[in-house]
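Below: one structure, written as structure tokens.
Read-outs throughout are calculated quantities, based only on the coordinates presented, and are distinct from any laboratory measurement. In this text the structure is predicted, and so the values were computed from the model without any measurement. Backbone-built Cβ (ideal geometry, glycine too); neighbour counts: all protein chains shown.
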Amino acid sequence: MKWVQILVAEARRELHRSVAYRLEFVADQVLFILGFLLLSGLFYILSDGGYTEKQQLMSLVGFITWRVADGVILRSVSTIDEETQWGTLEQIWLAPIPPRLVFFCRSTIILVSYMLRAIFIAAILLLSLRLTIHFSISMFAVFLLAQFGVIGTAYILMGLQLAFKRTVSLTLAFTTSLLFVTGALAPIEHVYWLTIAVRFLPLGPGIHLLQAEIEQPLSMIHLWLSNEGIWLVCHSIVYLVLGQIVFAWGERYALNSGHLGQY
Amino acid sequence: MTLASPAQAATSLAVTIRNLNKQYRAAPHPAVNNISFAILEGSVLALLGPNGAGKTTTVKMIAGLVLPTSGDVDILGCNVFSQRAQAIAHVGAVLEGARNLYWRLSAWENLLYFGSIRLVPRRQLIQRADELLALFELTAHKHQPVREFSRGMQQKLAIACSLLHDPAILLLDEPTLGLDVKAAKTIEEIIGYLASERRKSILLTTHQMHLAEEVAHDIFVMNEGVQVVYESKESLLKRFDMQGKIVDVELSSSPAEETLAQLRSAFPSVDQQMNGGIETLSYSSHNQQEMLTFINTVDTLGCRIDNIRYRRPTLEEVFLTLTEKKTT
């Protein structure tokens, strides 16, 4: 049960970090609440009042799902960048366990942490916009499965960070673009090529399925038997496996070039 | 000194390094070029060399943090590269004298985190963390964030973190770098205690020769990636002692530039330095008569001699001789 011990250690570390940087923590939540309200208002004005309650809900679900993914990817990558600067990264490689296990536990804790924050943000936004959502178990399952694919994506970017260093800006650009190209905020049906591409992008199938659930709720059995459900499972597995491959490559590259602890 | 025989290796060798090479892709020369040595159980090996000699690369290869181009590192019989988990379980390391800790966390939280990822069972970890805080006199600062610690306290805590899983081998890369005299002395005492009382095998890299002279049993000097010397400290100092002694002539005042120039023309290797505020002229020779001629010349040139001392060369002087010889 060594992974439980590491999960607990990572949870404590993350908690202490959040407390130590509490202003950043609070500012982060406020920024995302205000950001969504601002975009929502903008969409309302641009659509000449045609931004319906259902569309707002779909945007909100997309935004919250993206927010968690953004947090998981960005924090997972920046944690390697920070640790390199703090001189603690090599200590992880001095533990008698595969470093990938430490980072998997870390990403899982970050996921839980951002899910809790997302619940808070969602509650405030639902109250502010006077929206109601019928949250189902199948939606939660889709959400979780999409986030596992996100952890795979985080691994890919962590591998690149180990090999090339200073990839946080690239990661930020990547996660920000996901907000717009996955249709998390606004529909992308009018851009045909994007509707095809989004099926292969991280988070794309997950957001598509969650928004479809708002339009027409599905039972768990119907969900997993549908083409979209099977595609989401395959999509997440492929990203997780790809993540492991790229991380292992990045680790080997850093160990070979001797710059694991350098930044 | 050669690597111990296989029979000895089974009982007394903690770390064995065989034909280790590292060639970085863009570098014109190998960072480490075919070096071999061993660290005996409960002994301290000082890895010495000027900047860029390849010391840190060597330490990192032993810790499995840099992959060698060729060669092997065995830790208590486990190969670092093919049996990483088993080998690394025996190693604790404080690297490059830099930050090895989370500055925003307290000393206690750092100990718990690093102990957990080293898989020390929870109950044992708490007991051990308390013991180490007491040993390093940090108990009063247990819940203080590390960023508020002095550099010496941080280094003590970093060493404590590396000892949480009770490793048999400790790698210390420049452990006294940037420390004041008192903190450096404390670290020196800790290293001595860990080797003699706790039977840890320690690999120490340092530029502070007096530290190596105080605590090391064996000396490995490398320069430009190549082995310069590898032998026990005692035999190395004895060897240089037999090659010649050093005479320190202590003067009551600084000699004039002209006097010094005249002295240097006759004795080119004379060294002028301040030792504890005393102006000292040092001269090394294996010839007793030559030493007496040197003292007479100093006296004849009008320098007021306060004291004359004969001594054997320090490790620093041996090191400088060895690395200068290599460079020439």
(message) Using amide H atoms built in the peptide plane, which far-off residues or other-chain residues are under 5 Å from A:TYR51 H to H?
(response) none
(message) Residue by residue through segment A:185-197, what is 3J(HN,Hα) from phi via Karplus (6.51 cos²θ - 1.76 cosθ + 1.60, θ = phi - 60°)? Round to whole Hz and write x for glycine and proline.
(response) 9, 10, x, 10, 4, 6, 10, 4, 4, 6, 5, 6, 4
(request) Calculate, axis by axis, the spread of Cα positions in segment A:7-150 along the three principal axes, and write the results as whole Å, longest axis first. (result) 59, 33, 21
(request) Name the residues whose placed amide hydrogens come within less than 5 Å of the amide hydrogen of B:LEU40, ignoring near sequence neighbours (fewer than 5 apart) on the same chain. (result) B:ALA14
(request) For A:ALA212 and A:ILE45, compute 0.36 nm times the residue count separating them, minus their Cα-Cα distance, and round to one decimal in nm. (result) 57.7 nm
(request) Evaluate peptide B:102-115: per residue, the Cβ atoms of other protein chains within 10 Å of its Cβ; return the mean as an integer. (result) 4
(request) Send over the semi-axes of chain B's equivalent ellipsoid, whole angstrom and largest first, taken as the square roots of 5 times the C-alpha gyration tensor eigenvalues. (result) 41, 25, 17
(request) In Å³ and rounded to a whole number, note down the convex hull volume per residue for the Cα atoms of segment B:210-272. (result) 154 Å³
(message) What value in Å³ per residue do you get for the convex hull of the alpha-carbon atoms in chain A?
(response) 134 Å³
(request) Name the aspartates and glutamates eligible as straight-distance cross-link partners of B:LYS156: C-alpha to C-alpha under 12 Å, and not fewer than 8 places from it in the same chain. (result) B:GLU137, B:GLU188, B:GLU189
(request) Whole number please: convex hull volume per residue, Cα atoms of segment B:245-312, in Å³. (result) 77 Å³
(request) Taking amide H positions as placed in the peptide plane 1.01 Å from N, state which residues far from B:THR69 in sequence (5 or more) or on other chains have amide H under 5 Å from it. (result) B:ASN21, B:LYS22, B:GLN23
(request) Divide, for the protein assembly as shown, the radius of gyration over alpha carbons by 2.2 N^0.38 Å, where N is the residue count. (result) 1.26
(request) Would you mind counting up the charge near B:ASP248? Only other residues with Cβ under 13 Å from its Cβ, with Lys and Arg at +1 and Asp and Glu at -1. (result) -1
(request) Would you mind getting me the FRET efficiency between B:MET274 and B:ASP241? Use the beta-carbon distance for r and R0 = 30 Å, nearest 0.05. (result) 0.75
(request) Using a 10 Å cut-off on Cβ to Cβ distances, tally the other chain neighbours for every residue of A:252-262 and report the average as a whole number. (result) 4
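Report the extension gain between B:ASN34 and B:ARG199 in nm, rounded to one decimal, defined as 0.36 nm multiplied by the number of residues separating them, less their alpha carbon distance.
Residue separation times 0.36 nm, minus the Cα-Cα distance, leaves 56.5 nm.
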(message) Contact order normalised by length for segment B:1-140, with contacts defined as Cα pairs under 8 Å and 6 or more residues apart; what percent is it?
(response) 18 percent
(request) Return the sequence-ordered ³J(HN,Hα) values of segment A:202-207 in whole Hz as given by the Karplus equation 6.51 cos²θ - 1.76 cosθ + 1.60 applied to θ = phi - 60°, using x for Gly and Pro. (result) x, 6, x, x, x, 5
(message) For the pairs B:LYS185/B:LYS233; B:LYS22/B:LYS60; B:LYS60/B:LYS182, flag any whose C-alpha to C-alpha distance is greater than 22 Å.
(response) B:LYS60/B:LYS182
(message) How much of the pair distance distribution for segment B:104-164 lies past 20 Å, counting alpha-carbon pairs only, in percent?
(response) 14 percent
(message) Sort A:12-24, A:45-57, A:105-117 by packing, meaning the average of other beta carbons within 10 Å per residue, with the highest value first.
(response) A:105-117, A:12-24, A:45-57
(message) Past the 24 angstrom mark, what percentage of all C-alpha to C-alpha distances in segment B:108-263 do you count?
(response) 49 percent
(message) If you filter segment A:161-233 for GluC sites (Glu not before Pro), then keep DSSP loop positions with at most 13 other Cβ within 10 Å, what is left?
(response) A:GLU189
(message) Between 0 and 90 degrees, rounded to the nearest ten: what's the tilt of helix B:257-266 against the longest Cα principal axis of chain B?
(response) 90 degrees
(request) Provide the net charge surrounding A:VAL142, with neighbours chosen by a C-beta distance below 11 Å and charges set as Lys +1, Arg +1, Asp -1, Glu -1. (result) -2
(message) With an 8 Å Cα cut-off and a minimum separation of 6 or more residues, compute the relative contact order for chain A in percent.
(response) 29 percent
(request) Quick one: compute the contact order of chain B, relative version, from alpha carbon pairs under 8 angstrom and 6+ residues apart, as a percent. (result) 19 percent
(message) Per 0.36 nm of contour for each residue apart, how much would the distance between B:PHE81 and B:ASN21 grow if the chain were fully extended, relative to their Cα-Cα spacing?
(response) 20.2 nm
(message) Taking the 0 to 90 degree range and rounding to the nearest ten, how far is the long axis of helix B:315-327 tilted relative to the main principal axis of chain B, both from C-alpha atoms?
(response) 90 degrees
(request) Kindly express, to the nearest 10 degrees and within the range 0 to 90, the angle between helix A:2-20's C-alpha long axis and the longest C-alpha principal axis of chain A. (result) 70 degrees
